[in-house]
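Colleague: Input: one structure, supplied below.
The values are calculated or read from the model by the stated rules, or taken from the named source; none is laboratory data. Computed from a predicted structure; not experimentally measured. Counting neighbours? That spans all protein chains shown, and the Cβs are built from the backbone with ideal geometry, glycine included.
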Amino acid sequence: MQLEAPKTLFGEPCRPDEVEQVRSWITDNPGWSRYRLSRELCNRWQWVRPNGQLADMAARHFLSKLHERGWIALPECRRASPNRMRHRKLVSVPLDRTPWSVDLRSLGPLELHEVSTDLARKAVFETLLAEEHYLGYRSAVGENLKSHIVYAAGSTGSRLVVWSLGLALPSARRLDRLERE
């Protein structure tokens, strides 16, 4: 397993000493599970999300990529990872699908809504992605910003656009550093 370490991984620099450090954790602690290894990485390298929780899934993905490329040898999986989203059934909400033919300038003000904490708007967001996106939708992966733009006509408004913005951990770390500066 002494292949040359990657220069970058997920667009971030990955130094050979970092890969060697992970290798030494695995060698020095043969009883550690993949779960324990990912949590150690988060603690020792300060991989935390903005809410203070360990970025455990990002660490697992990082370790998995190193393993897949032959730079480290992870311990065997002890059990299949429980995936609460695997069996999730998306409940579609009824939507008005009447086509529009209008000049956007004539709509007037538009409103942007972040929908993660608004259950009604989140249901519309998920329905639209599930039914209209070519890949479908079950759930977002990682940290995401879920939003839709609304033409404020009447009390409910008509949805024009929905989008989900997801940042990879390295990008989120760069943004976090910029916010602190």
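Colleague: Within segment 98-146, restricting attention to residues that are assigned to a loop (DSSP other than H, G, I, E, B) and small (Gly, Ala, Ser), which residue is modelled with the lowest pLDDT?
Modeller: Gly142
Colleague: Residue pairs, Cβ under 8 Å, 6 or more apart or interchain, first in segment 39-62 and over 18 Å from Glu20 (Cβ atoms) and free of Cβ contacts under 8 Å to residues at least 40 places away in the same chain, second in a loop (DSSP other than H, G, I, E, B) and of a type in the set (A, V, I, L, M). List them.
Modeller: Cys42/Ala55; Val48/Ala55
Colleague: Out of the residues in segment 105-125 meeting the condition of being in contact with a Ser or Thr (Cβ under 8 Å, 6 or more places away or on another chain) and among the charged types (D, E, K, R), tell me which one is farthest from Leu90 (Cα to Cα).
Modeller: Result: Glu114.
Colleague: Still on this structure, please answer the following. Please go through segment 12-31 and give me each residue that is surrounded by fewer than 16 Cβ atoms within 10 Å (Cβ to Cβ) and not in a helix (DSSP H, G or I), ordered by number.
Modeller: Result: Glu12, Pro13, Arg15, Asn29, Pro30, Gly31.
Colleague: Please count how many residues of segment 95-138 are of a type in the set (Lys, Arg) and within 19 Å of the chain's Cα centre (by Cα).
Modeller: The qualifying residues number 2.
Colleague: Tell me, please, whether a residue that is among the small types (Gly, Ala, Ser) and closer than 20 Å to Arg78 by Cβ can be found in segment 50-59. Explain how you work it out, then say what you get.
Modeller: Taking segment 50-59 as the starting set, the residues that turn out to be among the small types (Gly, Ala, Ser) are 52, 55, 58-59.
If we keep only those that are closer than 20 Å to Arg78 by Cβ too, we end up with 59.
Looking through segment 50-59, at least one residue is among the small types (Gly, Ala, Ser) and closer than 20 Å to Arg78 by Cβ.
Colleague: (1) surrounded by 10 or more Cβ atoms within 10 Å (Cβ to Cβ); (2) in contact (Cβ under 8 Å) with a residue 12 or more places away in the chain: which one isn't true of Gly108, the others all being true?
Modeller: (1)
Colleague: Also, quick follow-up: Out of segment 50-64, which residues are of a type outside the set (A, V, I, L, M, F, W, C) and part of a loop (DSSP other than H, G, I, E, B)?
Modeller: Hits for segment 50-64 are Pro50, Asn51, Gly52, Gln53.
Colleague: Does His67 satisfy being of a type outside the set (S, T, N, Q), within 23 Å of the chain's Cα centre (by Cα), crowded, with 16+ Cβ neighbours inside 10 Å and modelled with pLDDT of 90 or more?
Modeller: Yes, satisfied.
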